[in-house]
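The values are calculated or read from the model by the stated rules, or taken from the named source; none is laboratory data. Fair warning: this is a prediction, and the values are worked out from it, not measured in the lab. A quick note on method: Cβ atoms are made from the backbone with ideal geometry, for glycine too, and the neighbour counts reach across all protein chains shown. Surface areas here come from the heavy atoms of the whole protein model, side chains and all, with no ligands, DNA or RNA. Shrake-Rupley method; radii C 1.70, N 1.55, O 1.52, S 1.80 Å.
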Amino acid sequence: MKPVKTVTADVPQGDIHDYDSILDYFNDRPVKQTKKDKYHSITFVTTGIIAYDGGQTTMLHLGTLLSKQGYQVYYLSYVPQTVHEMEQNAEFNYEGYEGTCLDMAQLDVHNSDIWLATLWESAYVIKNKPGYKMYFVQDYEPYFYPFGDRYQMAKKTYELGLHMVSLGPWCAKMIRENCKVTSPIDEINFPVNLEQYPYHAHDFTKYENKKIIDVAVYTKWSSPRRAPIEIQLTLKNCQSILEKQGLKLKLHYFGTDKDAKFINGENLGKLTKPEMIDLYNRCDFGIAPSMTNFSLVPFEMMSCGLPLIDFNEGTGEYFLPNGAYLKTSFNEKDLAQTFVQAKQNVSRLEAMVQKGVSHLQSITWKQTLTDFESIVDKISEK
C-alpha cells in the first residue's frame, strides 16, 4: 500500500546544510578572552543586513553612536551578501548610519579588539577569535525554535563564556533562570528614538461617542513571538463581541509582507517610518504583541501619543510602568472590555498617554550608549 500525499508536512528543522559555510565554527571549545587597556575597534557579526529588521536597526544605531565616540565600527556578515546590499539595507534601516560593512570573505582575515555576536549562530562564529568576545543579546533565542537541537544549540551559546550584554532586563532574567552562566551578563537600557516618532495629540473627547474604533496592529507572520495567529483569532472574536454592543473594530495590520491575507482587517504590509507615523496619528489604539523580548514598535506608538494595549502574557511589564498603557489578558472577552472601558474614561486615557510619553524621556539612546561604554570601561586589563 502506498501512502497518500497530504497538504500538511513536517516542520522543516533538520537541514544541517543551512550551515555549510560556517560548519567549522561549531564546537565546544571554551572562550579565551584577550583584554586590553584601551579598545579601538568593535565588530558586530551579523546575518548580513536585512531591511525592516528591528534588531539590526538597533545594532546600527548603537554602532553609529559608538562610531561617533571614536571607535572603529564594523558590521561583518557571516552569510553571503554583497557589501553594496549590506550598505543599502543599512541606510534604509537607519539613515545616516556610521560604520563599515564587510562581506563574508573577511570573516577569517578581519581583526578586531571587540567582537559582538548578534544571533546565537554568530556566538559560535566569534568565540575562538583573538580579542574580547561579547554577545549582544536582544532576545532569548531558544524560544525561536521548537524544543530540539536548534533550541539546545541556541541555549548553549549563553554558557560558552562570552561576555553578554542584554538589551533590557528580560533576556538577562531568562538566561540566569535557564542556563548555567559562567561569564558576565550586563544589562543596557532598551531605548526609543523619540525624534523619529514625534508626539501627536489625539482628541480623546471624541472617543466616548465613537462607533468605529481604528486599531493599528503590528505583527509578523515570520515571527511567532509577535503572535501572528493568536492576535488575528483574538481580534476576530473581539470584533463579534463589540459588534453586539454597536461598535465596529477596524483593524489595520502592518509588519507582514503585503501579499499575506489576514482573516480580518486590512494588511498594509511593511511600512516606512513616515507611513507608520501617519497610521499612529489616525488610529485610536495600538497593539503590538511581544511574547518574548519587547519590540520597538510599542515605544514608537507611545512616542506618537497613541494609546497602547499590551497583554499580560507578554513582556510589557518588564519595560513599561503601570498606568502608562492598557494592560489586559490575551483573550477576546477581556480585550473587548478594555476597549469599552477606555472609551468610557477618556480622562484616565489621556493621563495614561502622558505618563507613557514621560517615561520614554528616561529611556533614551544617550542612556544606552552610557550603559554600553561603562561596560567596556570595566573590561580593561587593569
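Conditions (1) surrounded by fewer than 22 Cβ atoms within 10 Å (Cβ to Cβ); (2) assigned to a strand (DSSP E or B); (3) modelled with pLDDT of 95 or more, marked per residue:
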{"position": "Cys101", "(1), (2), (3)": "no, yes, yes"}
{"position": "Trp115", "(1), (2), (3)": "no, yes, yes"}
{"position": "Glu121", "(1), (2), (3)": "no, no, yes"}
{"position": "Lys129", "(1), (2), (3)": "yes, no, yes"}
{"position": "Gln152", "(1), (2), (3)": "yes, no, yes"}
{"position": "Gly161", "(1), (2), (3)": "yes, no, yes"}
{"position": "Ser166", "(1), (2), (3)": "no, yes, yes"}
Extreme residue, nearest to Gln138 (Cα to Cα), among residues of region 51-82 that are part of a loop (DSSP other than H, G, I, E, B) and in contact (Cβ under 8 Å) with a residue 40 or more places away in the chain: Asp53
Residue pairs within 7 Å by beta carbon, gap of at least six or interchain, first lying in region 277-297 and under 16 Å from Thr219 (Cβ atoms), second assigned to a loop (DSSP other than H, G, I, E, B) and hydroxyl-bearing (Ser, Thr, Tyr), listed first then second, are Ala288/Ser295; Pro289/Thr219; Ser290/Thr315; Thr292/Tyr140; Thr292/Thr315; Asn293/Tyr140; Asn293/Thr315; Phe294/Thr315
Quick one: in region 131-150, which of the residues that are in a loop (DSSP other than H, G, I, E, B) and out of contact with any helix residue (DSSP H, G or I) (no Cβ under 8 Å at 6 or more places or on another chain) is surrounded by the most Cβ atoms within 10 Å (Cβ to Cβ)? Gly131
Looking only at region 214-234, which residues are among the polar types (S, T, N, Q) and assigned to a helix (DSSP H, G or I)? Gln232, Thr234
Go through region 70-94 and count every residue that is open to solvent by less than 80 Å² (accessible area, probe 1.4 Å), at pLDDT 95 or above and touching a His at 6+ places or on another chain (Cβ under 9 Å). 4
Which condition from (1) modelled with pLDDT of 95 or more; (2) under 19 Å from the mean Cα position of the chain (by Cα); (3) surrounded by fewer than 19 Cβ atoms within 10 Å (Cβ to Cβ) is the one that Ile175 breaks? (3)
Being at pLDDT below 95, open to solvent by 30 Å² or more (accessible area, probe 1.4 Å), over 23 Å from Lys261 (Cβ atoms) and touching a Gly at 6+ places or on another chain (Cβ under 8 Å), is that true of even one residue in region 202-214? no
Would you confirm whether or not region 190-213 contains a residue that is of a type in the set (Lys, Arg), outside any loop (DSSP other than H, G, I, E, B) and touching a helix residue (DSSP H, G or I) at 6+ places or on another chain (Cβ under 8 Å)? no
